[in-house]
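Chemist: This is the structure I want to talk about, given as C-alpha cells.
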Amino acid sequence: MISSKKNYEEIKDELNRKRRNHRLKNLESVRRKARDYSKTEKGRKRTRRSERTNYRNNLERDRKRGKKKYELLKYQIMMRYSNNVPQCACCGELEYDFLSLDHIIPQAITGKLPNRVGVHLYRKLKREGFPDGYQILCSNCNLAKRDHGVCIHDKNFIDKKLHCIVYESQKKFQDKIKQMIIEKYSNETNACVCCKLTDIRFLALDHIYSIENYKGMPRGGYPLFLWLRKAGFPPGFQILCHNCNHSKAKHGICVHMIKNNEHSQPNIINNKL
Ligand SMILES: [Zn+2]
Ligand SMILES: [Zn+2]
Ligand SMILES: [Zn+2]
Ligand SMILES: [Zn+2]
C-alpha cells in the first residue's frame with residue numbers, strides 16, 4: 001500500500017520495472033484490454049483529453065519541426081528550378097531571402113483555377129515531380145513582370161498597357177502621384193533607403209512602424225498616396241525596393257542590415273533551425 005508521495009518516489013523504479021515486465025509477458029492481453037477500454041465512453045474521453053494535452057504541450061516543438069520541414073521543401077524547390085544555384089532568372093540576384101517561385105506564364109492568361117500558393121504549391125510540385133512552367137525570380141523582377149508582362153530588365157520590355165487611351169491618362173496621373181510620393185519620402189534621392197536602387201518602377205512606400213500605428217489611413221496603393229498628399233506628407237514612411245521591403249516584412253529588418261548577412265544562405269544550410 002502506497003501511503004504517501006514520498007513512499008511512491010522511493011519504490012517508483014521498482015514498480016515501473018514490474019509493470020514493464022508484466023507488459024512484456026502479457027503483451028497480447030494488455031493490448032486487447034487497452035483496445036477494449038479505448039472503445040468505451042470513458043476511454044474515448046480519456047483519449048481526447050490526452051490528445052488535447054499533447055497538442056498543447058508539444059505546440060512549440062511541432063511548430064519548429066513544421067518550419068524546418070517547410071524550409072527544406074522550399075530549398076528543394078529553389079534548387080530544382082534554378083540549376084542548383086538559387087538565383088533570379090532575370091537579374092541574377094543571389095540573395096536567397098529575395099527569391100520566390102514564379103509562374104512563367106501568368107495564371108490569369110492560362111485561365112486555370114487559382115492555384116495553390118506557398119507551401120501548398122511547393123508540395124504539389126514535388127508530388128508531380130517538379131513539372132516545367134516555373135522559374136525563380138527576385139521580388140523586384142517578379143512584381144515588375146506582374147505589372148508589365150515582362151520585367152523591365154527584359155530587352156522586349158514595352159509598356160503595352162499604354163496603347164489604351166483611357167488607361168494612358170489614368171496611368172500618367174498615377175505615375176505623377178507615385179513620383180511625388182517617392183521624391184518626398186526619399187529626400188529627393190529617388191532611391192531605396194537600404195540598397196540605394198534608383199529605378200522608380202522597383203520602389204515602394206514602406207510603413208516604418210507596425211500597421212496598428214496607422215489608424216485612419218488607407219492601407220496602401222494609390223488611395224494611400226492621395227491621402228498622404230492631402231495630409232501634407234506626414235512622417236512614418238520610407239522608400240524601399242520590393243526586395244528590401246519583403247525582407248523587412250519577413251524579419252522586421254532587411255537582410256542587408258543583418259551583420260555577416262547570414263540570410264544570403266538558406267537557413268537550412270546555416271543550420272539555424
Ligand atoms: Zn531579379
Ligand atoms: Zn528583372
Ligand atoms: Zn533595396
Ligand atoms: Zn535591403
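Chemist: Any residue that is assigned by TED's automatic domain parsing to the domain that holds residue 184, away from ligand 3 (no atom under 16 Å from the Cβ) and either acidic (Asp, Glu) or exposed (fewer than 11 other Cβ atoms within 10 Å of the Cβ) (or both) - is there at least one of those in segment 236-245?
Modeler: no
Chemist: Sticking with this structure for a sec: Answer with yes or no whether residue 139 is in the same structural domain as residue 87 (by TED's automatic domain parsing), within 16 Å of ligand 4 (Cβ to nearest atom) and either surrounded by fewer than 19 Cβ atoms within 10 Å (Cβ to Cβ) or of a type in the set (Gly, Ala, Ser) (or both).
Modeler: yes
Chemist: Turning to a different aspect of this structure: On the basis of being of a type outside the set (A, V, I, L, M, F, W, C) and under 25 Å from residue 137 (Cβ atoms), does residue 37 make the cut?
Modeler: no
Chemist: Just give me the residues in segment 202-218 being surrounded by 13 or more Cβ atoms within 10 Å (Cβ to Cβ) and assigned to a loop (DSSP other than H, G, I, E, B), in sequence order.
Modeler: 208, 217, 218
Residue-by-condition table, conditions (1) loosely packed, with under 14 Cβ neighbours inside 10 Å; (2) within 33 Å of the chain's Cα centre (by Cα); (3) touching a residue at least 60 places away in the same chain (Cβ under 8 Å):
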| residue | (1), (2), (3) |
| --- | --- |
| 33 | yes, no, no |
| 41 | yes, no, no |
| 55 | yes, yes, no |
| 103 | no, yes, no |
| 127 | yes, yes, no |
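Chemist: Same structure again: Here is a list of conditions, (1) β-branched (Val, Ile, Thr); (2) modelled with pLDDT of 90 or more; (3) away from ligand 2 (no atom under 15 Å from the Cβ); (4) in contact with a strand residue (DSSP E or B) (Cβ under 9 Å, 6 or more places away or on another chain), and residue 136 meets all of them except one; can you say which number that is?
Modeler: (3)
Chemist: Something else: Would you please name the residue that is modelled with the highest pLDDT, looking only at residues in segment 147-200 that are within 16 Å of ligand 2 (Cβ to nearest atom) and part of a helix (DSSP H, G or I)?
Modeler: 200
Chemist: Among the residues of segment 219-273, what is the count of those that are at pLDDT below 85, in a helix (DSSP H, G or I) and of a type in the set (S, T, N, Q)?
Modeler: Within segment 219-273, residues that are at pLDDT below 85, in a helix (DSSP H, G or I) and of a type in the set (S, T, N, Q) number 5.
Chemist: Answer yes or no: is there a residue in segment 146-154 that is outside the structural domain of residue 103 (by TED's automatic domain parsing), over 17 Å from residue 245 (Cβ atoms), surrounded by 12 or more Cβ atoms within 10 Å (Cβ to Cβ) and among the charged types (D, E, K, R).
Modeler: Checked segment 146-154: no residue is outside the structural domain of residue 103 (by TED's automatic domain parsing), over 17 Å from residue 245 (Cβ atoms), surrounded by 12 or more Cβ atoms within 10 Å (Cβ to Cβ) and among the charged types (D, E, K, R).
The values are calculated or read from the model by the stated rules, or taken from the named source; none is laboratory data. Quantities reported herein were computed from a predicted structural model and do not represent experimental measurements. No Cβ is skipped: glycine too gets one built from the backbone with ideal geometry, and neighbour counts run over all protein chains shown.
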